[in-house]
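One structure below.
Read-outs: derived from the displayed coordinates by stated rules, not from any lab. Quantities reported herein were computed from a predicted structural model and do not represent experimental measurements. Here the Cβ positions follow ideal geometry from the backbone for every residue, glycine too, while neighbour counts run over all protein chains shown.
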């Protein structure tokens, strides 16, 4: 076993893990943060996307030890005081979820996209979420949701 | 699977740990392929030596007439690098097409090469740049041409249990060079290519001075199309010549029939098409820079 210390959603955590555990394993099974979903388990579908030092990664193919001393943000880290994050609310309003399994990954990919490009074109949105798959084929609503989120975040910023 | 996961503090430290474990320790960078290989039992090493936190290794820079890309540099960093976009566009283009954004944020160019897969976009681009890899061993450091390290599908001469690839280098392309990169795949993202073609053309006046063409995955390793390159040298950059170079490259391709990637006949035909398009694109880039 090895000791892993990292910051998860603004709280420092220390856990004993097997060195070959994935970040998704540790978040879900050791920390109970089951909002992060594992779809393919091979870095192909994006459902397990989290932010590592602000950068979107697929946690199912990220060795957990790579988070040593770094900041992890999961879907649970977005809402504040029981209020949905603007991106989450946009996904609700655009009906961008069907079964919902891919949604946390899409939202985290959106967070990374909008942090880097606050005012993306539709093309840039498609590119930004190209690492995430939705098997219910709801991409149109998802792209709408990202666009709505971008607009609202810009409005909040302006206020 | 793994007993220990360590972060190397320096290249020498990584080499020491590898030597101390004598084949039981292996380097890891992005880990996007390695973790899955380990889960499938294809990676006998039990100690992982992570090189991504070695100070000074994470760099993309122009130095002594070369562009140098350090081992921990990710595809995303390369795709976004103004230096690579300006002086080796074929590589930034290739790295921008690997996997999806998340994979590109973690996976490294050196890993793309060391995995020795014929479909590795980054490696195909590096073939056209005459890239070299710096290999550090306990005995010292050496530069190896990328074209020399392949031994077959998934096999290369570099042993990640005993050696450390620290960087890749190549000559920046001059203003008289243009790049082309063409990728045929079933989807636009998150998929390996059916055929990928990369080209660098050096045009002076009315003639092609040199052409560099590489393709994958249509043989056990990416390869340079020597016949087509020789054919183009000194010729006028006419559409018929570029098409002929595509045919000459296709004649050297030996793709397998693949349920996923298509039949041998289809893929061979597509090599000719993609090489022609890559050359067209390279020529256009030459004309733009004039």
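How big is the antiparallel share of DSSP beta bridges in the protein assembly as shown, given as a percent to the nearest 5?
If we restrict to bridges inside the protein assembly as shown, about 85 percent are antiparallel.
Note down the relative contact order for the range A:2-77 as a percent, whole number, built from C-alpha pairs under 8 angstrom at least six residues apart.
Rounded, it is 39 percent for the range A:2-77.
Order the peptides B:8-19, B:128-139, B:159-170 from the highest to the lowest mean number of other Cβ atoms within 10 Å of their residues.
Put in order of decreasing packing, that is B:159-170, B:128-139, B:8-19.
Need one value for B:38-48: mean number of C-beta atoms belonging to other chains within 10 Å of its residues' C-beta atoms.
Mean shielding by partner chains, rounded to a whole number: 1.
Ranking B:81, B:258, A:59 by Cβ neighbours within 10 Å, fewest first, what do you get?
Least crowded to most crowded, the residues run B:258, B:81, A:59.
Residue by residue through A:51-64, how many Cβ atoms from other chains fall within 10 Å of the Cβ on average?
Across the residues of A:51-64, the mean count of other-chain Cβ atoms within 10 Å is 5.
Nearest 10 degrees, 0 to 90: what angle lies between the long axis of helix A:139-158 and the longest principal axis of chain A (Cα atoms)?
Tilt of helix A:139-158: around 90 degrees.
Which angle from 0 to 90°, rounded to the nearest 10, does the C-alpha axis of helix B:11-21 make with the longest principal axis of chain B?
Approximately 60 degrees, to the nearest 10.
Please compute the Kirkwood hydrodynamic radius over chain A, one decimal place, Å, based on all pairs of different Cα atoms.
15.8
On a 0 to 90° scale, report how tilted helix B:239-252 is relative to the longest principal axis of chain B, with both axes built from alpha carbons and the result rounded to the nearest 10.
Approximately 40 degrees, to the nearest 10.
Explain nothing, just the number: relative contact order of the range B:138-274, from Cα pairs under 8 Å at least 6 residues apart, as a whole percent.
18
Give me a single rounded figure for A:18-24: the average over its residues of other chain Cβ atoms within 10 Å of their Cβ.
The per-residue average across the peptide is 4.
Using the number of other C-beta atoms within 10 angstrom as an exposure proxy, rank B:143, B:2 with the fewest first.
B:143, B:2
Could you give the radius of gyration (one decimal) and Dmax (whole number) of the Cα atoms in chain B, in Å?
19.0, 61
Using only the Cα atoms of the range B:4-50, build the gyration tensor, take square roots of its eigenvalues as a ≥ b ≥ c, and label the shape rounded, prolate or oblate: rounded if a/c is under 1.5, else prolate if a/b is larger than b/c, else oblate.
Oblate is the answer for the range B:4-50, as a/c is 1.5 or above yet b/c matches or exceeds a/b.
What whole number of Å gives the distance from the Cα centroid of the range B:1-68 to the Cα centroid of the range A:1-66?
Spelled out, the Cα-based centre of one part sits 20 Å from the other.
Mean separation of Cα pairs under 8 Å and 6+ residues apart, divided by the residue count of the range B:4-50: what relative contact order is that in percent?
Relative contact order for the range B:4-50 comes out at 55 percent.
Let me have the 222 nm mean residue ellipticity of chain B computed from DSSP H runs of 4+ only, each contributing -39500 (n - 2.57), with the sum over all residues rounded to the nearest 500.
Computed mean residue ellipticity for chain B: -10000 deg cm²/dmol.
Calculate for chain A the 222 nm mean residue ellipticity that helices alone would give, adding -39,500 (n - 2.57) per DSSP H run of length 4 or more and normalising by residue count, nearest 500 deg cm²/dmol.
Mean residue ellipticity at 222 nm (helix-derived): -9500 deg cm²/dmol.
Using the Cα atoms as the points, what is the convex hull volume per residue of the protein assembly as shown in Å³?
Measuring per residue, one finds 153 Å³ for the Cα hull of the protein assembly as shown.
What is the Cα centroid distance between the range B:190-249 and the range B:101-140, reported in whole angstrom?
Going from one Cα centre to the other spans 21 Å.
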